[in-house]
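> Please read through the structure below; I'll follow up with questions.
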Amino acid sequence: MIILTSTTYGREAANRIDQTHRHDIEGARALIETFYYAFNQRDIDVFKCIWGRDELVQLNNPLGGVLRGIEPITNLYSGVFMGSSSVWVELSDIVEFQTSDMVVFAGRESGAFTKGDSTISLNIRTSRVIQWFGVSVGWKQTHHHGSIDDPKLLDIYQQAIHKN
C-alpha cells in the first residue's frame, strides 16, 4: 500500500518507543515519531534504541556521507547533540510505502541549524526505512537517506557544521 499522509513529525514529536512492538502501521509510525523526538530533544539514549543492530544499517546524509553500523551513526549524532550548535527538523509531505514487515517514509524535512549568531534554514529530501524484526525487537530504522537540493545551501551548511 502507498499512501500520502498529512501527518508531520517534528519538535512536538513524542517518545513512543513503548509502542514500537506493535506489528502494524501504528507501530512503524511510533518508531518514526520517536526518531524525531530523539533528534529534536537531542536524546542519544532514545536515539540508540531506534536503529537496527545489523552492521549494514546505513545513514546517507550531508554531514556524514555514508555510514554503516550503529556505532558510527551514533558517534555522528552524539557530536551533533553534544555540540555547540543546535538543529531541529520536521518531516512532512510524507508518502508511506507499506508492507507488513517494512515501511519507507519519504518526504521533506524542513528546519533550522543554528551556530552562534548564524541560522541556516534547512530543506532536505529524506527517506527512512523502518523494518520489522519480530515481537522481541519490534520496528527499527535500518536506512536513512537525506539530501539537500540546493548546492549553495549544502555548501553553507557543511561549512557551518565543520567550522571551529
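> Out of E71, E96, E109, which single residue is within 29 Å of H23 (Cα to Cα), assigned to a helix (DSSP H, G or I) and either in contact with a strand residue (DSSP E or B) (Cβ under 6 Å, 6 or more places away or on another chain) or not polar (S, T, N, Q) (or both)?
Answer to the check: E71.
> A further question follows. Restricting attention to the range 1-17, which residues are without any contact (Cβ under 8 Å) to a residue 12 or more places away in the chain and either over 16 Å from the mean Cα position of the chain (by Cα) or open to solvent by less than 50 Å² (accessible area, probe 1.4 Å) (or both)? Talk me through it step by step, then tell me what you get.
Restricting attention to the range 1-17, the residues satisfying the condition of being without any contact (Cβ under 8 Å) to a residue 12 or more places away in the chain are 6, 12.
Hit for the range 1-17 is S6, nothing else.
> For the range 37-55, give me the residue count where each residue is in contact with a strand residue (DSSP E or B) (Cβ under 6 Å, 6 or more places away or on another chain) and either free of Cβ contacts under 8 Å to residues at least 24 places away in the same chain or among the small types (G, A, S) (or both). I'd like the intermediate steps shown before the answer.
As a first pass, look at the range 37-55 and keep what is in contact with a strand residue (DSSP E or B) (Cβ under 6 Å, 6 or more places away or on another chain): 40, 50-52.
Still in the running and either free of Cβ contacts under 8 Å to residues at least 24 places away in the same chain or among the small types (G, A, S) (or both): 52.
Final tally of qualifying residues: 1.
> Return the total of residues in the range 49-66 being farther than 24 Å from Q158 by Cα and either in contact with a Phe, Trp or Tyr (Cβ under 8 Å, 6 or more places away or on another chain) or part of a helix (DSSP H, G or I) (or both). Show your work before the answer.
Within the range 49-66, the first condition is being farther than 24 Å from Q158 by Cα, and the residues that meet it are 49-56.
Among the residues that remain, those that are also either in contact with a Phe, Trp or Tyr (Cβ under 8 Å, 6 or more places away or on another chain) or part of a helix (DSSP H, G or I) (or both) are: 49-50, 52.
Counting residues in the range 49-66 that are farther than 24 Å from Q158 by Cα and either in contact with a Phe, Trp or Tyr (Cβ under 8 Å, 6 or more places away or on another chain) or part of a helix (DSSP H, G or I) (or both) gives 3.
> Now for a separate question. Looking at (1) open to solvent by 40 Å² or more (accessible area, probe 1.4 Å); (2) without any contact (Cβ under 8 Å) to a residue 12 or more places away in the chain; (3) in contact with a strand residue (DSSP E or B) (Cβ under 9 Å, 6 or more places away or on another chain), which is the only condition G83 fails?
Exception for G83: condition (1).
> For F35, indicate whether it is aromatic (F, W, Y), open to solvent by less than 40 Å² (accessible area, probe 1.4 Å) and in a strand (DSSP E or B).
So F35 fails the test.
> While we're looking at this one, here's another question. Output the residues belonging to the range 74-93 that are in a helix (DSSP H, G or I) and within 21 Å of A30 (Cβ to Cβ).
T74, Y77, listed by residue number.
> Okay, moving on. Can you tell me which residues in the range 86-136 are among the hydroxyl-bearing types (S, T, Y) and either in contact with a Cys (Cβ under 7 Å, 6 or more places away or on another chain) or open to solvent by less than 20 Å² (accessible area, probe 1.4 Å) (or both)?
T126
> May I pose another question? For the range 61-75, which residues satisfy the criterion of being modelled with pLDDT of 90 or more and either among the hydrophobic types (A, V, I, L, M, F, W, C) or open to solvent by 30 Å² or more (accessible area, probe 1.4 Å) (or both)?
Passing the criteria: V66, L67, R68, I70, E71, P72, I73, N75.
> Go through the range 112-136 and give me each residue that's of a type in the set (D, E, K, R) and either within 12 Å of I32 (Cα to Cα) or part of a strand (DSSP E or B) (or both).
Within the range 112-136, K115, R125, R128 qualify.
> Among the residues of the range 19-36, are any in contact with a strand residue (DSSP E or B) (Cβ under 9 Å, 6 or more places away or on another chain), within 22 Å of A112 (Cβ to Cβ) and among the small types (G, A, S)?
No, the conditions are met nowhere in the range 19-36.
The values are calculated or read from the model by the stated rules, or taken from the named source; none is laboratory data. Quick caveat: nothing in here was measured; it's all calculated off a predicted structure. Glycine also receives a Cβ, built like all others from the backbone with ideal geometry; neighbour counts cover every protein chain displayed. The area values use the complete protein model at the heavy-atom level, side chains included, leaving out ligands, DNA and RNA. Shrake-Rupley method; radii C 1.70, N 1.55, O 1.52, S 1.80 Å.
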